[in-house]
Amino acid sequence: MAGEIDDAIERADREAFTRQPPKTLQARINFLMKQLKTTKAVAAELGVSQRSVERYRKGERKHPPKAIADRIDDAVRQRWQPQVRKRRQKQAATTRGITVETRARFGYTAPIGTTDDGRFRRLTVHLPPAYAQRLFDARNAGASDQQMRQIIAEGFKEIYFQDGGARALGLSDVTLNDIDYLDLDY
């Protein structure tokens, strides 16, 4: 099951599409056939029989059950415009950085005499390219949602809470908990 950070990256990738994916069932199946080469491979990807794929491809069946239609949609979107996705991620990791908008509970470890009570905050913070690179590398390595949250929390600590080293220098650990929503843009 994908985590919140993984879902946010997927949404950001979909926003990068320069063309919309195929709309009809037949066109989607044909696209998957181009990508996966055989009806057997498409059937295995979708969890249906090879004969069902052949029927969808010929147009004999036009309305699969919702669960299968969702799997077809997901499979197409995962493979749609990989070069556009790759280019945008590379730009984010090298020059642009990544913007994180979230409403979540932030907790932190602070020096004695200051408050370290976690509280909900709504933040939109632009993180430098190094954090985008770490986030994409972690995702590609199969990192957990908690590990990716920690990367974002470290970025928030440096950029937002410490203002690049201008304040709150005693702040040590920032945690990102109870995410209400999280959105990424790059």
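The values are calculated or read from the model by the stated rules, or taken from the named source; none is laboratory data. Source: prediction; values computed, not measured. Heads up, the Cβs are rebuilt from the backbone with ideal geometry, glycines too, and the neighbour counts pull from every protein chain shown. The protein model used for the area step is the full one, side chains on, heavy atoms only, and it has no ligands, DNA or RNA in it. Shrake-Rupley method; radii C 1.70, N 1.55, O 1.52, S 1.80 Å.
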Please report the net charge: other residues with Cβ closer than 12 Å to the Cβ of residue 3, K and R +1, D and E -1. -3
Test of understanding: what is the full-extension gain from residue 77 to residue 15, defined as 0.36 nm times their sequence separation minus their Cα-Cα distance? 21.2 nm
For the chain the mean separation of alpha carbon contacts under 8 Å (6+ apart) over residue count, i.e. relative contact order in percent, is 26
5 Å is the cut-off here: which amide hydrogens, built 1.01 Å from N in the peptide plane, fall below it relative to residue 173, excluding neighbours closer than 5 in sequence? 109
Quick check on packing: order 13-19, 127-133 by the mean number of other C-beta atoms within 10 Å, highest mean leading. 127-133, 13-19
Per the helix-only calculation at 222 nm, which mean residue ellipticity applies to the chain, given -39500 (n - 2.57) for every DSSP H run of n ≥ 4 and division by its residues, nearest 500 deg cm²/dmol? -14500 deg cm²/dmol
Simple spin-label estimate for residue 44/residue 84, 7 Å along Cα→Cβ, in nm, reads 2.9
How far apart, in nanometres, would the label points at residue 55 and residue 105 be if each is projected 7 angstrom from Cα along the Cα-to-Cβ direction? 4.9
Could you compute the FRET efficiency for residue 70 and residue 122, with r as their C-beta to C-beta distance and R0 at 35 Å, rounded to 0.05? 0.70
How charged is the neighbourhood of residue 85? Take every other residue with its Cβ under 11 Å from the Cβ of residue 85, and add Lys/Arg as +1 and Asp/Glu as -1. +4
Using a probe radius of 1.4 Å on heavy atoms only, what accessible surface per residue do you get for the chain? Whole Å² is fine. 56
